[in-house]
Ligand code: HEC
Ligand code: HEC
C-alpha cells in the first residue's frame with residue numbers, strides 16, 4: 001500500500017507523537033506532584049515553626065504572639081505594623097518575609113527605639129547558627145513561615161477599602177455560593193476580597209487520606225453529615241453546609257478528632273482568624289466548592 005519511505009515517515013511520526021504524549025503526561029503529573037509537594041512542604045513548615053515557637057519564643061512573645069510585659073513585644077500584629085511603619089517612615093525596601101527572618105536570625109543585640117516606652121529585661125537573642133545562635137537555617141525558615149501565617153485582614157493595611165470581612169458571626173446571611181469560584185479561591189487562582197490568597201490548601205489536601213496539617217477534604221460533604229450526627233459533636237451546625245461554615249469561622253467550636261489527621265496535640269489547630277480575611281461571598285463560594293466533594 002505505502003512504499004518503504006512513506007512507511008518510515010509514518011512510523012517516525014507515530015513514534016514522535018507517542019513520545020510527545022508520554023512526556024507531556026509525565027510533565028503534567030509532575031506539575032501536580034510538585035504543587036502537592038509544595039503545599040505539603042508549606043503546611044509542615046508552619047507546623048514545625050509552631051513547635052519551635054512554643055519552645056524558644058513563647059516565653060518572651062506569648063503563646064500567640066500577644067507579647068509578655070517586661071520580656072518581649074507583641075509580634076501579632078506588632079511585627080506587621082512595625083514593618084509597615086518602617087516602610088512608610090524610613091523607606092525600608094526589604095520584604096516582610098526578610099524583615100522577620102533577619103530579626104530572628106541575627107536578633108537585636110542592641111535595644112532599638114521600637115516601642116520606646118516598654119522596658120524589656122533582656123534583648124532579642126540571636127537565633128541562627130549563621131550568627132552564632134542555636135537554630136539551623138531551615139528552623140529559622142519554619143519560624144518565619146509560622147509568623148507569616150498569623151497575618152490577618154485586621155493586622156494588615158486594608159488592601160481594598162470596600163472589603164467587608166465576614167468575621168466569626170455565624171448568623172450573618174450569606175449570598176448564594178458559586179462552587180467554581182470557590183474552587184478558584186481554593187487553588188489560589190484568584191484572591192479573597194481581602195487581597196490575600198486563600199491559605200486552605202497549605203494545610204488541607206483534596207486527596208483521600210493525605211494529611212498535610214489538617215484533615216483531607218476528600219468527601220468532606222459526606223464526612224460533615226456524619227460528624228453532626230455523632231454524639232461527640234458539640235457545635236451548633238444542623239446541616240453539612242453549616243458544619244463547614246462553622247469550621248472556617250469558628251474552628252474551635254468543634255476540634256476534629258486528632259486521630260483523623262495525626263495531629264501533634266495542642267498545636268494543630270485551624271487558624272481562628274480566617275473569617276477576617278474573607279467576604280461573605282468568599283465564604284459562601286468556598287462552602288459551595290467543599291460541598292461538591294462527596
Ligand atoms: C529573652 C526574650 C526573648 C526571646 C526568648 C525571644 N525574643 Fe524576640 N524579641 C525580644 C525583644 C526584647 C524584642 C524587641 C527588641 C527591640 O526592642 O529592638 C524582640 C523582637 C523580636 C522581633 C522583631 C519585632 C518587631 O516588631 O520589630 C521578632 C520578629 C522576634 N523578636 C521574634 C522572635 C522569635 C521567632 C523568637 C524565638 C526563636 C524570639 N523572638 C525569642 C525578646 C525575645
Ligand atoms: C494552618 C493550617 C490550616 C489552614 C491554613 C486551614 N486549615 Fe482547616 N483545619 C486545620 C486543622 C488542623 C483542622 C482540624 C482541627 C480542627 O478541627 O480545628 C482543620 C479543620 C477544617 C475543617 C473541618 C474538617 C473535618 O474533617 O471535620 C474544615 C471544613 C476546614 N478545616 C476548612 C478550611 C478552609 C476552607 C480553609 C481556608 C479558608 C482552611 N481550612 C485553612 C488546619 C488548617
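The values are calculated or read from the model by the stated rules, or taken from the named source; none is laboratory data. The structure presented is a predicted model; accordingly, all values stated were derived computationally and were not measured. Cβ placement follows ideal geometry from the backbone for every residue including glycine, while neighbour counts extend to all protein chains displayed.
Structure values in brief
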{"item": "Residue list for region 52-91, filter: crowded, with 16+ Cβ neighbours inside 10 Å, within 16 Å of ligand 2 (Cβ to nearest atom) and on the phi < 0 side of the Ramachandran plot", "result": "52, 53, 76"}
{"item": "Boolean, residue 202 is more than 28 Å from residue 146 (Cα to Cα), in contact (Cβ under 8 Å) with a residue 12 or more places away in the chain and outside any loop (DSSP other than H, G, I, E, B)", "result": "no"}
{"item": "Qualifying positions in region 228-250 - more than 19 Å from residue 288 (Cβ to Cβ) and without any contact (Cβ under 8 Å) to a residue 40 or more places away in the chain", "result": "229, 230, 231, 232, 233, 234, 235"}
{"item": "Only listed residue being crowded, with 16+ Cβ neighbours inside 10 Å, under 16 Å from residue 72 (Cα atoms) and in contact with a helix residue (DSSP H, G or I) (Cβ under 7 Å, 6 or more places away or on another chain), chosen from 104, 140", "result": "104"}
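Listed here are the residues, each with its yes/no results for (1) surrounded by fewer than 21 Cβ atoms within 10 Å (Cβ to Cβ); (2) modelled with pLDDT of 80 or more; (3) in contact with a strand residue (DSSP E or B) (Cβ under 6 Å, 6 or more places away or on another chain).
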position	(1), (2), (3)
205	yes, yes, no
208	yes, yes, no
258	yes, no, no
272	yes, no, no
282	no, yes, no
